[in-house]
Amino acid sequence: MSKVIVVTSGKGGVGKTTTSASFSSGLALRGNKTVVIDFDVGLRNLDLIMGCERRVVYDIINVINGEVTLKQALIKDKNCDNLYILPASQTRDKDALNLEGVERILNELKESFDCIVCDSPAGIESGAFTAMYFADEALVVTNPEVSSVRDSDRILGILAAKSKRAVDGLDPVKEHLLITRYDPKRVEAGEMLSVTDIQEILRIPLIGVIPESESVLQASNAGTPAIHLDKSDVAEAYRDVVGRFMGDERLPMRFVTVEKKSFLKRLLGGR
Amino acid sequence: MAHAEPAFKLKIANLSLFVLYVNTTDMAQLKNQLDTRVNKTHNFFSNTPVALDLSAIANSNISLDFADLISFMLNHGMHATGVIGGSTEQREAAVQSGLGLFPDTIVKPAIKTAPVPTTAPSITPNAEKTNQPELPEFGLTIDTNNSNVLDSDTQRQNPVSQVLPTFRPTMIINKPVRTGQRIYAEGSNLVVLGVVNAGAELIADGDIHIYAPLRGRAIAGAQGNENARIFVHSLEAELISVAGCFKVFENGIPENLRGKPVQVHLNGSDLIIQPLLS
């Protein structure tokens with residue numbers, strides 16, 4: 001049974017596309033046949049993060065309009081065999097997306113993919129709504145910061161009230177909280193909301209905490225999803241997220257506290 | 001040949017209806033007061049069906065100029081639909097002007113309370129089986145079935161059991177109420193079991209109970225019920241209001257109330273927030 005997973009947040013710049021890229025790559029690395037769809041029509045970014053921007057010929061709007069087949073528009077990922085990308089259109093706007101067209105595409109993708117990851121645009125307008133409407137599960141990406149938390153709260157409200165599952169009276173969309181750009185040092189200093197603070201407000205299960213890291217920017221610019229970085233805490237954190245998503249509940253929540261360097265490590269000048 | 005689909009259904013529906021109680025045969029006075037009242041709440045009526053209750057003037061041998069009244073009401077968004085009570089002559093005149101006749105008996109069975117003008121609180125409710133409410137100050141009163149009271153400045157909402165019993169079951173919300181969501185318990189109480197986050201809004205015509213943190217807004221007695229109360233398990237609210245009397249917490253909630261179980265009620269025009277003692 002294939003799953004439609006939306007990566008959403010309400011607020012922009014919190015790491016939706018970074019998460020979509022790494023999460024879908026992680027799913028593929030674990031053997032799931034995965035496709036990631038960029039719903040940010042007009043502000044296409046996912047292809048850059050995935051490093052396939054030069055291979056984009058057709059996009060989701062072409063498929064919706066019936067100009068090309070789905071197969072023609074899907075781009076195979078360079079890092080993972082099981083991963084495909086359906087890019088957004090750069091020259092159109094979000095009104096070109098319609099629910100009927102998206103539903104048709106998703107149904108077709110469900111025939112051959114296990115996981116369909118929808119990278120939502122920011123905001124709560126039609127683009128974001130279309131991306132979340134058909135979701136079975138949702139990764140709600142939140143930064144430890146009040147405005148981001150409030151926007152996530154708004155998105156959770158919309159998921160609970162207006163998604164297809166809500167409208168049809170099915171089981172509600174399964175919600176996962178993903179906290180990104182987390183800096184335990186600044187949390188300790190009282191400059192950032194803590195994981196507990198965020199959970200107290202949003203009250204949905206936590207699927208992972210991604211630490212703030214410079215390597216994310218480097219990975220984006222290099223067109224490689226952060227999960228592929230060697231020896232990076234971000235990559236580890238994303239792998240944990242995928243693990244928990246696949247049902248491994250025992251994984252400890254890492255990167256939530258300040259790491260105390262041991263005496264020996266300090267002496268030897270460890271990382 | 002296939003059986004034809006039924007083209008219509010004929011049923012009796014219990015609808016709530018505005019009733020205009022006509023207390024005078026003086027058209028000038030009636031129009032004047034009606035004009036003043038309706039203008040206070042602009043656009044309240046819009047093609048709204050309204051019945052005319054003539055019981056109070058049934059003993060008068062003067063009949064109203066219904067054609068004139070109908071067009072006057074229409075100008076104010078009210079569609080006169082028919083008359084209740086009145087003398088035989090008045091009812092005949094009404095029919096001549098195209099109005100329907102409501103059975104004379106609809107207000108008679110088992111009236112518990114008749115409408116009371118709260119501007120004259122000394123008057124006790126007419127408990128008798130009468131359909132002649134005494135309304136000394138206003139030439140008319142407008143009844144609603146427990147919703148949409150016309151003016152909130154002077155009137156307190158009274159239970160009106162003219163057509164239907166007004167009991168509505170409590171609305172219960174067992175999920176978090178998130179920012180941007182608004183819940184309105186029309187004509188009833190509201191119970192919320194999930195967290196009410198900042199930017200969310202709870203509105204009830206009756207009381208509001210929240211068995212979780214309230215971080216958003218809670219508005220009880222939205223139609224002007226000054227006896228409405230708010231009960232909160234953990235007060236962290238942005239705004240609380242009872243019958244239009246509200247409080248915001250610009251400088252934070254006082255230490256002795258913040259995060260505590262409290263109740264909120266109205267004492268005169270003061271909004272009282274007090275800790276719930278266990």
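Values for this structure:
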| item | result |
| --- | --- |
| Hits in segment A:133-158 - residues which are of a type in the set (A, V, I, L, M) and either within 14 Å of chain B (Cβ to nearest Cβ) or under 24 Å from A:P211 (Cα atoms) (or both) | A:A138, A:L139, A:V140, A:V141, A:V146, A:V149, A:I155, A:L156, A:I158 |
| In segment B:188-210, the residues that are away from chain A (no Cβ under 14 Å) and over 20 Å from the mean Cα position of the chain (by Cα) | B:V191, B:H209, B:I210 |
| Filter result for A:I60 (within 19 Å of the chain's Cα centre (by Cα) and closer than 20 Å to A:L178 by Cα) | no |
| Any hit, segment A:160-170, residues being touching a strand residue (DSSP E or B) at 6+ places or on another chain (Cβ under 8 Å) and not small (G, A, S) | no |
| Checking B:A56 against (1) in contact (Cβ under 8 Å) with a residue 60 or more places away in the chain; (2) of a type in the set (A, V, I, L, M); (3) in a loop (DSSP other than H, G, I, E, B), the condition it does not meet | (3) |
| Per-region count, segment A:170-193, residues free of Cβ contacts under 8 Å to residues at least 40 places away in the same chain, within 14 Å of chain B (Cβ to nearest Cβ) and over 20 Å from the mean Cα position of the chain (by Cα) | 1 |
| Conditions (1) away from chain B (no Cβ under 14 Å); (2) surrounded by fewer than 21 Cβ atoms within 10 Å (Cβ to Cβ): number failed by A:A161 | (1) |
| Residues of segment A:210-245 classified as over 15 Å from A:S24 (Cβ atoms), part of a loop (DSSP other than H, G, I, E, B) and not hydroxyl-bearing (S, T, Y), total | 4 |
| So B:G259, is it of a type outside the set (K, R), buried (at least 17 other Cβ atoms within 10 Å of the Cβ) and assigned to a loop (DSSP other than H, G, I, E, B) | no |
| Residues satisfying the stated conditions in segment A:20-31, i.e. crowded, with 21+ Cβ neighbours inside 10 Å and either at positive phi or out of contact with any Ser or Thr (no Cβ under 7 Å at 6 or more places or on another chain) (or both) | A:S20, A:A21, A:S22, A:F23, A:S25, A:G26 |
| Number of the condition not met by B:E226 [criteria: (1) surrounded by fewer than 22 Cβ atoms within 10 Å (Cβ to Cβ); (2) within 14 Å of chain A (Cβ to nearest Cβ); (3) not in a strand (DSSP E or B)] | (2) |
| Residues being more than 19 Å from A:V216 (Cβ to Cβ), crowded, with 18+ Cβ neighbours inside 10 Å and among the small types (G, A, S) - total across segment A:40-91 | 3 |
| Candidates B:I62, B:I57, filtered to the one that is of a type in the set (V, I, T), more than 17 Å from B:M78 (Cβ to Cβ) and modelled with pLDDT under 85 | B:I62 |
| Residues that are surrounded by 18 or more Cβ atoms within 10 Å (Cβ to Cβ) and not in a strand (DSSP E or B), drawn from segment B:239-248 | B:A243 |
| Filtered residue count, segment A:150-203, keeping only those that are of a type in the set (D, E) and not in a helix (DSSP H, G or I) | 5 |
| Exclusive hit being surrounded by fewer than 17 Cβ atoms within 10 Å (Cβ to Cβ) and within 30 Å of B:F167 (Cβ to Cβ), set B:N14, B:N61 | B:N14 |
| Filtered residues of segment B:233-262 (kept if of a type in the set (A, V, I, L, M), more than 26 Å from the chain's Cα centre (by Cα) and closer than 22 Å to B:I172 by Cβ) | B:L235, B:A237, B:V262 |
| Number of the exception - A:I75 against (1) at pLDDT 95 or above; (2) under 30 Å from A:V149 (Cα atoms) | (2) |
| Conditions (1) more than 14 Å from B:L99 (Cα to Cα); (2) at pLDDT 85 or above; (3) hydrophobic (A, V, I, L, M, F, W, C); number of the one not met by B:L10 | (2) |
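The values are calculated or read from the model by the stated rules, or taken from the named source; none is laboratory data. These numbers come from a predicted model, not from an experiment. No Cβ is skipped: glycine too gets one built from the backbone with ideal geometry, and neighbour counts run over all protein chains shown.
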